[in-house]
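No value in this document is a laboratory result; all are computed from the given coordinates. Treat the numbers as computed from the prediction; the structure is a model and nothing was measured. Cβ atoms come from the backbone with ideal geometry, glycine included; neighbour counts cover every protein chain shown.
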Amino acid sequence: MTLKTLFLPIKILSFTLLFLSCAKKEKPVAVQIVTDTVSSINMQPSNLKFPKLSESYVNLKKIQIDRFYKKTWPSNNNHLSFLVAKDGQIIYEKYDGYSNIAKKTPITSETPIHIASVSKVITASVILKLIHGGKLTLDQKVNTILTGFPYPEVTVKTLLNHRSGMRNYAYFTNKKEIWDRHKTITNQDILDVMIDKNINLEFKTDTRFSYCNTNYAMLALIIEKITGKSYKEAMKTMVFDPLGMKNTFVYDDAKDQDIVTPSYRFNKQKIGYDYLDAVYGDKNIYSTPRDLLKFDMARNSPNFLSPELRSQIYEGYSNERKGTKNYGLGIRMVNWPTGQNFYFHNGWWHGNMSSYVTLKDENVTIIALNNISSRKVYKIKNLARLFGDYPFKRDKNDTDE
């Protein structure tokens, strides 16, 4: 064997290692660009670009969706905002009825309607951006953030996934020995009451799921503590303004009662305000389907969060009971044994009912908002069948908030 023959494998090996080394250097560069893009705590518009949907595809879907719409809302006065989009492109939208019945003000694409518990999805998104930005951690104890918080085992995560064990503020503040219902209660008041009145946990933290608005009222206080801004201002600067959500805002109970879209009972009787209407985080965002489409696109874009943190949003955390329904980090889900997953959030507050559906795999957004008591908005989940294999069974349990 000659020296030339002996050194040939060594040269090949060296060249291979050099090639692999260069290849490895290129990959983190791409990742680094994404990381730099999402390092801001503010949400950014989607950086995904999609080809224009074909005319034949849009026309077919319009026919199918219109058939669903007319069957679900057969009258011409439903007080409804409704939108279906794919790849960020609106396929179908409908605005029906009045935002104010007495004034006969029509609902349009720019009419903000109270989105009720769909607000939780936005609150959770801001918390996740703060986590991504290193401002707090998912497993951080809440008592390290909110002074006097009385439950030492409750973490940010157990607030997001409703496993904190806290009681619903609407149920313990309605007792006269706890709170005077003639006084409007605030988020800080809820925390103070839990401290001062020794409100016990309903169950041991992280032992089971219980959907509870108190969790998101506390998350709103965390946002205020971390950002140094009011929840209203934090939402505006971190979400609404960057995404161009021009018709979206947080309700201010002291200023907005006479100017926001009112809500009605099914008989069209106007519903007044009560002592719980100043609490935010769990509710109290007004928006439109077009604005929520911008939010959904941004939330499903790679520049929203790191892949690891994003994956935790859609993990089911409530597996004590066998079934298909579950809850992630600020999102409801249905997980079928086939492996198909459906993500959504519904809402209800006074006469406002809302439903937000995000089909991640198909990049489809479906939104329905109304300001008159009607559970029909929850039926929009059935439109998922038009875009993918979503094996919904017809049932009466369409009221999950």
- Note on the structure: When the charge dipole of the stretch 55-386 is computed with +1 on Lys and Arg Cβ and -1 on Asp and Glu Cβ about the Cα centre, the Cα farthest towards its positive end, among Tyr69, Ala298, Gly330, belongs to Tyr69
- Roughly how tilted is helix 119-132, in degrees to the nearest 10 and between 0 and 90, from the longest Cα axis of the chain? 30
- Phi-based couplings in Hz for the stretch 302-316 (Karplus 6.51, -1.76, 1.60; Gly and Pro marked x): x, 8, 6, 8, 5, x, 5, 5, 4, 4, 6, 4, 9, 8, x
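Which three semi-axes in whole Å describe the equivalent ellipsoid of the stretch 55-386, each the square root of 5 times a Cα gyration tensor eigenvalue, listed largest first?
31, 25, 18
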- Query: By how many degrees, 0 to 90 and rounded to 10, does the Cα axis of helix 289-299 deviate from the longest principal axis of the chain?
  - Reply: 30
- Query: Suppose R0 equals 30 Å; then what is the FRET efficiency for Ala254 and Asn198 from their Cβ-Cβ distance, rounded to the nearest 0.05?
  - Reply: 0.50
- Note on the structure: With Cα coordinates, the longest principal axis of the chain makes an angle with the long axis of helix 187-196, in degrees rounded to 10, of 80
- Paramagnetic reach from Asn47 in the stretch 282-305 [backbone N under 19 Å; point 7 Å along Cα→Cβ]: 294-305
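A 27 angstrom limit on the alpha carbon distance is what I want to check against. Which of Lys86/Lys322; Lys70/Lys322; Lys120/Lys376; Lys62/Lys283; Lys236/Lys360; Lys157/Lys379 exceed it? Before the final figure, lay out the partial values.
Details: Lys86/Lys322 33 Å; Lys70/Lys322 36 Å; Lys120/Lys376 21 Å; Lys62/Lys283 32 Å; Lys236/Lys360 25 Å; Lys157/Lys379 30 Å.
Beyond 27 Å: Lys86/Lys322; Lys70/Lys322; Lys62/Lys283; Lys157/Lys379.
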- Mind checking Rg over Rh on the stretch 87-229, alpha carbons, Kirkwood formula for Rh? 1.06
- Student exercise, the chain dipole from Lys, Arg, Asp, Glu Cβ charges, in Debye to nearest 20: 1080
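Counting other Cβ atoms within 10 Å of each Cβ, which trypsin sites (Lys or Arg not before Pro) in the stretch 84-170 have at most 11 and sit in a DSSP loop? Each step should come with its number before you reach the end.
Details: sites: Lys86, Lys94, Lys103, Lys104, Lys120, Lys129, Lys135, Lys141, Lys157, Arg163, Arg167; in loops: Lys103, Lys104, Lys135, Arg163, Arg167.
In loop regions of the stretch 84-170 (DSSP not H, G, I, E or B), the sparsely surrounded trypsin sites (Lys or Arg not before Pro) are Lys103, Lys104.
Using mean Cβ contacts within 10 Å as the protection proxy, how do 287-300, 65-78, 207-220 order, highest first? Before the final figure, lay out the partial values.
Details: 287-300: 24.2, 65-78: 13.9, 207-220: 21.8.
Packing order, densest peptide first, comes out as 287-300, 207-220, 65-78.
Starting from the Cα-Cα distance between Thr205 and Glu308, subtract it from 0.36 nm times their residue separation and give me the gain in nm to one decimal. Mind dumping the intermediate values first?
Details: separation 103, 0.36 × 103 = 37.08 nm, distance 2.44 nm.
Here the answer is 34.6 nm.
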- Query: If the label point is 7 Å along Cα→Cβ of Asn174, which residues in the stretch 336-359 have backbone nitrogen under 16 Å from it?
  - Reply: 348-351
